[in-house]
1. Taking only Cα atoms of the protein assembly as shown, what ratio of Rg to Rh do you get with Rh as the Kirkwood inverse-distance radius?
2. I need the phi-derived Karplus couplings for the stretch C:128-133: 6.51 cos²θ - 1.76 cosθ + 1.60, θ = phi - 60°, integer Hz, Gly and Pro marked x.
3. Under 5 Å between amide H atoms, partner at least 5 residues away or on a different chain: which partners does B:Ala34 have, H built in plane at 1.01 Å?
4. Give the cross-link partners of B:Lys90 among the aspartates and glutamates, using a straight C-alpha distance below 15 Å as the criterion and excluding same-chain residues fewer than 8 apart.
5. If I model a spin label at B:Asp16 and C:Gln6 as a point 7 Å from the Cα along the Cα→Cβ vector, what separation in nanometres do I get?
6. To the nearest 0.05, what FRET efficiency results for A:Arg44 and C:Arg31 with a Förster distance of 56 Å applied to their C-beta separation?
7. Within 10 Å of each Cβ of B:37-50, how many other protein chain Cβ atoms are there on average?
8. Based on the Cβ-Cβ distance from A:Thr7 to C:Arg185, what FRET efficiency comes out when R0 is 60 Å, to the nearest 0.05?
Amino acid sequence: MEEAQFTITNSAGLHARPAAHFVRTAAGFESSVRVRNLSRDAEREADAKSILSVMTLGIEQGHIISITVDGPDEAAAIEALRALVEGNIDK
Amino acid sequence: MAVALVIVSHSQQVADGVRDIAEQMAGDQVVIRAAGGAADGSLGTNAEAIARAITEADQGDGVLILVDLGSAVLSTETALEMLGLDADRKVQLSNAPLVEGAVVAAVTASTGQTLEEVASAALDAKDMTKVVR
Amino acid sequence: MSDNEQIGIRIVRRIQSVIHANTAELNAFDRPIGDGDHGTNLDRGFTAVLAKIESQSDQSLAAVFKTTAMTLISTVGGAAGPLYGTAFLRISTAIPELDGDHPRQVAAALTAALGGVQARGKATTGEKTMVDALAPAVEVSNAAVEEGADTVLVLERAATAARTGMEATIPMRATKGRASYLGERSIGHQDPGATSCYLIIQAVADVVRDGSTST
């Protein structure tokens, strides 16, 4: 199991299209991917592969999220999500 | 290949608009067709257009049909009877809310999930959290 | 065959003209318990049907009713489109001809229409829908066949039963379709779907009766 924390920098946060990108990226891995929004409610965990679940977290610009990945491709999943979130997810 | 979607509305603008939103969310992996309005462009649903949309959308991995209300259900059921689809063609009529269901279904379909999983996610869109406080 | 061709288009012409003449009345019945557009929707549908049939080469009854079905489902817009569309689609496969005396086929066609409407709308009698006009028409026409009635009589009895059924929808409480949202407040209004159903059956009965007296 691996955990990483990222700061959301894109203006739209993880809503709509960026959320869809995030979910698609997470779903591409075999590992389970859980996400929490530390800036809002650190206890609440969502399935990063479910758009509905991710949308409940209300992730906005400036929020810090925690991603917990568990499975055979966990390191690759963390890196892919980091690249996505720190890159230009709005596009 | 992914599960395809058909958007049915009494209004062509609504059907096309929901398709556009869902397409933008899904990227280019998901085929989405819209069937809105009666044949002369007035408000209503058109089983023939719905049947055509289903045929065009069907890529073999299943089709989820989302409808607005009322006669959209009857027209879609009529379209399905007209098509007389073989038992191995997977087509489901969803009870999900149209916009929310289409967006969730599109994203879920784009992750490569099965028709059952896409249909179930769309139905859960009834409880979508839109205002997070 | 040419008689057959004639009767198909004569039936459609009569239905179109009756629906057109009653558009305002059907809308008025639909206003308190529906969207107020039942007449407008059916008028648009049957006007489109007539135009299609006038321009098609195959005027056999089966072809005429098939075109009627397909045009209604694409142009009516409301729930009446798929319901009448399915009814005419079932009729088109159940009725090979109408000229000459075929009371059994007529009753079978009405029965098939009812089967289609019920399969689509999942309504039964007493729910304030077109089924309340169509179901008694089916019952009476089948009984008339057993008594040895001819085509004209079967259709006339069916139309009378449909009319009685239509009137019986007034005190009913709607439990299907848009009117069901009104609950108790749907009581006291005649159902527009049952009304158009009666008008259509009466139109067919009139055409067949006129055809048989003129020849």
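The values are calculated or read from the model by the stated rules, or taken from the named source; none is laboratory data. Because the structure is a prediction, the values reported are computed rather than measured. Cβ placement follows ideal geometry from the backbone for every residue including glycine, while neighbour counts extend to all protein chains displayed. In case anyone asks, the SASA skips ligands and DNA or RNA and just uses the protein heavy atoms, side chains included. Shrake-Rupley method; radii C 1.70, N 1.55, O 1.52, S 1.80 Å.
1. Reported Rg/Rh, Kirkwood definition of Rh: 1.13.
2. 3J(HN,Hα) across the stretch C:128-133, in whole Hz: 6, 9, 4, 4, 5, 8.
3. B:Ile7
4. B:Glu56, B:Asp58, B:Asp61, B:Glu77, B:Glu81, B:Glu116, B:Glu117
5. Between B:Asp16 and C:Gln6, the simple spin-label model gives 4.7 nm.
6. Working: r = 50 Å, r/R0 = 0.89.
Rounded to the nearest 0.05, the efficiency is 0.65.
7. Details: counts 1, 11, 10, 6, 0, 7, 5, 12, 8, 7, 10, 7, 2, 3.
Whole-number average of other-chain Cβ neighbours for B:37-50 is 6.
8. FRET efficiency, A:Thr7 to C:Arg185: 0.60.
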